[in-house]
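Everything below concerns the one structure shown next.
The values are calculated or read from the model by the stated rules, or taken from the named source; none is laboratory data. The structure presented is a predicted model; accordingly, all values stated were derived computationally and were not measured. So basically every Cβ, Gly included, is an ideal-geometry build from the backbone, and we count neighbours across all protein chains shown. Ligands, DNA and RNA are excluded from the accessible area calculation, which covers all protein heavy atoms including side chains. Shrake-Rupley method; radii C 1.70, N 1.55, O 1.52, S 1.80 Å.
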Amino acid sequence: MTGARIFLEALKREGVREIFGIPGGAVINIYDELHKDSELFHILTRHEQGAVHAADGYARSSGKVGVVLVTSGPGATNTVTGIATAYMDSSPIVVFTGQVPTSMIGNDAFQEADIVGITRPCTKHNYLVKDVKDLPRVIKEAFYIARTGRPGPVLVDLPKDVITASANVKFPDHIELRGYKPVLEGHVKQIRKALDIILASSRPVLYTGGGVIWSSAAADLTKFARKLKIPVTNTLMGLGGFPGDDELFMGMLGMHGTYAANMAVTHSDLIIAVGARFDDRVTGKVEEFAPEAKIVHVDVDPASISKSVKVHVPIVGDAKRVVRRLLEELKNVPQKEIRAFQKRTAEWRKKISEWKETQPLRYNRSKTRIKPQYVVEKLYELTGGDAIITTEVGQNQMWAAQFFKYKQPRTFITSGGLGTMGFGFPAAIGAQVANPGKVVVDIAGDGSIQMNIQELATAVQYRLPVKVFILNNRFLGMVRQWQHLFFDKRYSETCFGVLPDFVRLAEAYGAVGLRATRPDQVENVIKKALDVNAPVLVDFVIDREECVYPMVPAGASLKDMLLV
Amino acid sequence: MVRRHTISLLVENRFGVLARVAGLFSGRGYNIESLCVAETTDPTVSKMTIVTSGDDQIIEQIIKQLRKLIDVIKVTDLTTTEHVERELVLVKVNAAPEHRAEILRTVDIFRAKIVDVSPSAYVVEITGDEGKIGAFIELMKPFGIRDIARTGKVAMARTAKKREQEGTRHVA
């Protein structure tokens, strides 16, 4: 078998069905082999960055590993932003890059780049395959590393002579990595200790993040929260990990979090963090984060524990297994004690309801201008929340997080850690590939959408009925908001002098283009977009100077919020 | 409190591993004071000794981040256990005729060795822990140190206490 054939066989053994990529000289032999293969479906994107975000969106929406195949040199370097995006948000993807033949490596050959060196700090692990005989093992390890423990991207660099060489190989059925043994089962003593602390608390808060989504712990966690009636807040990455319409839900916390969530954290006496990492956008001024609280922290990545805040009960383990164990342990707690706990914490829940009532998420409604929040609310209403929402980065992302209630895990897909503009649209394409029957909507800004708009061709070519809702304010909105609030309205380089006509642009690509300029058009336009079984780009011309509130200024304490 | 730590690593003996470890330190803003790496008796495994400094939280992060590297098999912070540390240093020192006797005496006291002699300079080889090496270099300074080459520290945990009582432990 040739290296190219071995490569495809190894992918199939990992259950791969779809590959996102772009061919080139260094991988032409693989593409030739792919041409003869009817089991693997290749989606040709228009830019390698688009391929990686699509594979990432595929992974986030399905939990399966996303696969990318690109050529050497620029093909490989174009994947870097996508890889770094997946790395920050722990998304399992495997990126295969072509490379010049091993004899040419280091010679500054045509389309040569040291992609293993370049991606070392933004991959969970990466490989340069030097011998075709190593290929089956390396590919198996790559998928295993990507999807286990704290998931993440893995890159495999394939020199052309390795792809063209032939060898008799055996495909391994087990893996031996002595340096990689993720701890999944939480320490039972620690779990019991956590439960004791929880039951002794008076003002508990469950603070959950992307780890809950990745480990499929949402259902068990919801059960746990409801059993003890503990209020829940999600990080941006954790949205969908707890039903957004549940009474115990306080909304997102942090920089653009709800008043209730940020106040609850500030006054809490116990934070139970599950699969979240106390990111600076969540904690605000870290010295003043949850000043009265003890902290229980469940995370599969030991390095996330006690990184930015001191943790009292650390539990290293997979979120789902740990929460299941907590539920098991809870069975041994007498009903009387549970009732006493619920009674003791009733006042706390009441306080939180008051915060929710006095300072809900809100905006100034308008009859003449389209408010972006209104668009998101209407989308929620018209889909009943049954949709996969991806976002770009900035104001559009925050409005999408605030005004849509996510009820299921894997329905909110966003670049949280790296904050990559241009992520949402290709991610929506990947999510649609993984979920053919689902409504997939990218909530975008006019700035972000231009960063990967070429993928409209991909959506049209593969008949992927992805919807893009551009909240168009002709600004780089979030930066403008900061300039508005903290730089005396000096809008340095945030106002677009020229924008394309998005409707005609969509049509030029063979997609459907729609526009709404008045609030009374919004509902009909959304309905129309959802009804069309084709890619649709909707240009919502919104109130230009609308800001995202509440807001905790960067570096300020969570209690110092700017409200509407 | 910022303290100096000696961390010992067992790593896969593969290309790129040193770059991964060094890249982790530079990428996360940790500092490497010295780094030594060589094969062990098992040719698939190398041992690294890294000297770094930081407060407890930073050292904890360094160790956790190192453990996350797939090619890192084992990480031990030797600072928290009993261990021996050694460094080998070559010092080229001016050896004017009137100073030769004193240099030789000092070399003798420190159980160092002269490994090269020329009309105007000696090259001295010395091994020892930080304190000994530091003291020796201070004593050589007045004569004029022309060049210095250090291996960086290597370190090893001492044998377990139980065997110590049996008298098998040698204090160097």
Which residue pairs have Cβ atoms closer than 8 Å, lie 6 or more positions apart in sequence or on different chains, and pair a first residue in the stretch B:19-31 that is free of Cβ contacts under 8 Å to residues at least 40 places away in the same chain and farther than 15 Å from B:S8 by Cα with a second residue that is charged (D, E, K, R) and open to solvent by 40 Å² or more (accessible area, probe 1.4 Å)? B:A19/A:R120; B:G23/A:R120
Only one of (1) β-branched (V, I, T); (2) under 22 Å from A:L44 (Cβ atoms); (3) part of a loop (DSSP other than H, G, I, E, B) does not apply to A:T458, and that is (3)
Going through the stretch A:160-209 in order, the residues found to be β-branched (V, I, T), open to solvent by 10 Å² or more (accessible area, probe 1.4 Å) and touching a Phe, Trp or Tyr at 6+ places or on another chain (Cβ under 7 Å) are A:I175
Scan the stretch A:315-329 and tell me whether some residue there is open to solvent by less than 50 Å² (accessible area, probe 1.4 Å) and within 11 Å of chain B (Cβ to nearest Cβ). yes
Out of the residues in the stretch B:59-81 that are within 15 Å of B:E33 (Cα to Cα) and of a type in the set (A, V, I, L, M), state the one that is nearest to the other protein chains (Cβ to nearest Cβ). B:I62
Regarding the stretch A:335-353, can at least one residue be identified that is at pLDDT 95 or above, under 30 Å from B:K68 (Cα atoms) and touching a strand residue (DSSP E or B) at 6+ places or on another chain (Cβ under 8 Å)? no
Check off (1) out of contact with any strand residue (DSSP E or B) (no Cβ under 6 Å at 6 or more places or on another chain); (2) open to solvent by less than 10 Å² (accessible area, probe 1.4 Å) for A:I443 and give me the number that stays unchecked. (1)
Test set (1) within 14 Å of chain A (Cβ to nearest Cβ); (2) open to solvent by 60 Å² or more (accessible area, probe 1.4 Å); (3) not basic (K, R) - B:P97 fails condition number: (1)
Counting only residues that are in contact with a Gly (Cβ under 8 Å, 6 or more places away or on another chain) and among the β-branched types (V, I, T), give me the strands (runs of 3 or more DSSP E) lying completely in the stretch A:132-242 with at least 1 of them. A:204-208, A:232-234
Of all residues in the stretch A:513-540, how many are open to solvent by 50 Å² or more (accessible area, probe 1.4 Å) and part of a strand (DSSP E or B)? 1
Taking the stretch B:11-45 and keeping only residues that are in a strand (DSSP E or B) and within 12 Å of chain A (Cβ to nearest Cβ), one is left with B:V11, B:E12, B:V45
Where a residue in the stretch A:174-193 is more than 30 Å from A:R13 (Cβ to Cβ) and more than 14 Å from chain B (Cβ to nearest Cβ) and its partner, wherever it lies, is charged (D, E, K, R) and open to solvent by less than 70 Å² (accessible area, probe 1.4 Å), with Cβ under 9 Å and at least six apart: A:G186/A:D318; A:V188/A:E329; A:I191/A:E329; A:R192/A:E329
Could you list all residues from the stretch A:14-43 that are in contact with a helix residue (DSSP H, G or I) (Cβ under 7 Å, 6 or more places away or on another chain) and in a strand (DSSP E or B)? A:E18, A:F20, A:G21, A:H42, A:I43
Test of understanding: among A:G497, A:G510, which residue is over 29 Å from A:M252 (Cα atoms), surrounded by fewer than 16 Cβ atoms within 10 Å (Cβ to Cβ) and in contact with a helix residue (DSSP H, G or I) (Cβ under 6 Å, 6 or more places away or on another chain)? A:G510
Which condition number in (1) open to solvent by less than 50 Å² (accessible area, probe 1.4 Å); (2) more than 24 Å from B:Q65 (Cα to Cα); (3) not hydroxyl-bearing (S, T, Y) is the one that A:K227 fails? (1)
For a quick check of your reading: which strands (runs of 3 or more DSSP E) sit entirely within the stretch A:53-130 and have at least 2 residues that are crowded, with 24+ Cβ neighbours inside 10 Å and away from chain B (no Cβ under 14 Å)? A:66-70, A:93-99
Does the stretch A:243-258 include one or more residues that are in contact with a His (Cβ under 9 Å, 6 or more places away or on another chain) and part of a loop (DSSP other than H, G, I, E, B)? no
